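Step one of this worksheet: look at the structure below.
Nothing in this text is a laboratory measurement; each read-out follows from the coordinates by a stated rule. Keep in mind it's a predicted model, so treat the numbers as computed, not measured. No Cβ is skipped: glycine too gets one built from the backbone with ideal geometry, and neighbour counts run over all protein chains shown.
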Amino acid sequence: MFGSLKPQPEDKILALMSAFRDDPRGDKIDLGVGVYRDAQGRTPVMRAVKSAERQLVENQTTKSYTGLTGDPAFADALGHLVLGNAPFSHAATPGGTGAVHQALQLVRMAKPDATLWLSEPTWPNHTAIAAHLGIRTRTYRYYDTDTGGVWFSAMAEDLERAAPGDAVMLHGCCHNPTGADLALPQWREIAEILDQRRALPIVDLAYLGFAEGLDADAAGLHILAEAVPELLVAVSCSKNFGLYRDRVGLLLALSDAPAVQGSLAALNRLTYSFPPDHGARVVQMILDDPEMRADWQAELDDMRTGMQTTRHALADALRERSGSDRFGFLAGHHGMFSLLPATSEQIARLREDHGIYVVGDGRMNVAGLRPAEVPVLADAIVAVGI
Ligand code: PMP
């Protein structure tokens with residue numbers, strides 16, 4: 001029976017990870033995988049997470065099932081952090097990927113012929129999950145490779161073509177892979193277009209707190225939430241709580257339709273029954289305890305400012321070496337990723353000649369760079385002629 005299975009396309013980021021592992025060079029640099037690293041190159045368990053886990057181990061009295069959409073206290077705490085006081089339906093999910101998956105399943109359930117609009121480029125799993133679920137996709141232009149910023153006029157023009165009932169995926173902040181985010185007036189304009197077109201926004205929020213801070217990073221989403229009647233938000237706690245492997249995610253739905261909560265519960269039941277609880281409970285405990293919450297926020301702020309410092313240092317080093325401001329966009333980008341304007345040959349030379357691992361499309365994880373490696377990378381970028 002399984003003889004009919006076709007070989008799956010290799011995941012290029014996972015392939016890059018194993019090539020990095022197999023590279024014997026001691027001074028190799030991994031800018032591929034999307035994981036935050038501190039100045040020592042570690043991906044630490046955050047202090048507040050450790051405290052909450054200690055308390056949880058001490059005090060938890062059962063591991064019996066939670067509800068189908070997870071512990072309501074988790075949805076309450078994280079939902080309010082993300083959406084403020086707007087009332088929402090919710091489903092806890094395994095990671096942000098689970099939330100994206102359930103969001104697309106809900107769209108398909110409500111409107112089987114909906115088209116999903118994705119930014120060009122976007123996180124490849126958006127495209128892959130939609131294809132797996134049989135959802136038709138179209139792309140909207142997003143990134144201006146000449147300026148390193150959002151190509152807003154093209155984005156707006158493309159989204160004007162969305163049909164009523166289409167869904168439009170937006171990155172809440174720290175666009176993956178480009179690092180280029182919408183400014184608030186642009187969020188307003190997009191909100192107006194989607195409202196007029198009666199298209200459903202789906203906001204993928206995987207990096208809240210990684211761009212400019214918790215409040216600023218949710219500001220675009222809040223503009224959208226006030227402007228449109230219905231909205232989905234796929235939240236991940238992988239990066240901002242460092243809970244990657246514990247798989248903590250939440251799908252939030254703003255809608256007056258009475259059947260939304262029941263549909264989310266049914267979709268969880270059909271997909272994996274109960275969502276994982278351990279990490280979700282850790283997040284809820286942190287958010288509901290003023291001391292742990294303040295400590296989490298302080299550590300998150302340090303992570304964010306560390307990434308910004310690296311961005312500025314790299315932009316400065318490249319300005320010095322290239323004698324131009326061509327790489328100035330790196331300092332203005334948000335989050336872990338930026339897209340290098342490089343050919344695949346230049347990316348291969350970075351890897352082969354310099355031991356620097358960047359994804360094939362030029363996506364570079366700035367958080368993978370230690371301070372001492374900034375001049376090494378800048379030298380290499382100039383040496384390969386990017
Ligand atoms: N969306 C985007 C844009 C991402 O970059 C990620 C993390 N790579 C996710 C969603 C989901 O991550 P996770 O499932 O690990 O929470």
Taking the chain and counting helices only, DSSP H stretches of n ≥ 4 at -39,500 (n - 2.57) each over all residues, the nearest-500 ellipticity at 222 nm comes to -14500 deg cm²/dmol
Full extension between Ala183 and His80 adds, at 0.36 nm per residue less the Cα distance, a length in nm of 34.8 nm
Along the stretch 354-370, Karplus-curve 3J(HN,Hα) (6.51, -1.76, 1.60; θ = phi - 60°) to the nearest Hz, with x for Gly and Pro, reads 10, x, 10, 9, 10, 4, x, 7, x, 5, 10, 8, 4, 6, x, 9, 7
Any residue on another chain or 5+ positions along whose placed amide H is under 5 Å from the amide H of Gly335 is listed here as none
Listed by chain and number, the lysines with an alpha carbon less than 26 angstrom from that of Lys50, same-chain partners under 8 positions apart left out, are Lys63, Lys239
Counting only backbone N atoms under 15 Å from a point 7 Å out along Cα-to-Cβ of Ala257, the residues of the stretch 155-178 in range are 164-168
Here the equivalent ellipsoid of the stretch 65-288, derived from its Cα gyration tensor, has semi-axes (largest first, whole Å) of 26, 20, 16
With the stretch 219-263 reduced to its Cα atoms and the Debye formula applied, log10 I(q)/I(0) at q = 0.16, 0.26, 0.29 1/Å amounts to -0.57, -0.92, -0.98
The rounded separation in angstrom of the Cα centers of the stretch 316-334 and the stretch 171-246 is 26 Å
Taking Lys and Arg as +1 and Asp and Glu as -1, residues besides Ala114 with C-beta under 15 Å from its C-beta add up to +4
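Based on the Cβ-Cβ distance from Asp302 to Asp11, what FRET efficiency comes out when R0 is 35 Å, to the nearest 0.05?
On the way: r = 31 Å, r/R0 = 0.88.
Efficiency, from the Cβ-Cβ distance: 0.70.
May I ask you to derive the relative contact order of the stretch 217-367, considering only C-alpha pairs under 8 Å and at least 6 residues apart, and to give it as an integer percent?
On the way: 132 pairs, mean separation 20.5, N = 151.
It comes to 14 percent, rounded to a whole number.
For an R0 of 30 angstrom, estimate the FRET efficiency from the Cβ-Cβ distance between Glu226 and Glu160 and round to the nearest 0.05.
Result of the calculation: an efficiency of 0.90.
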The answer for trypsin sites (Lys or Arg not before Pro) in the stretch 1-92 that fall in a DSSP coil and have at most 13 neighbouring Cβ atoms within 10 Å is Arg25, Arg42, Lys63
log10 I(q)/I(0) for the chain, Debye formula on C-alpha points only (no solvent), q = 0.06, 0.15 Å⁻¹, two decimals, reads -0.23, -1.43
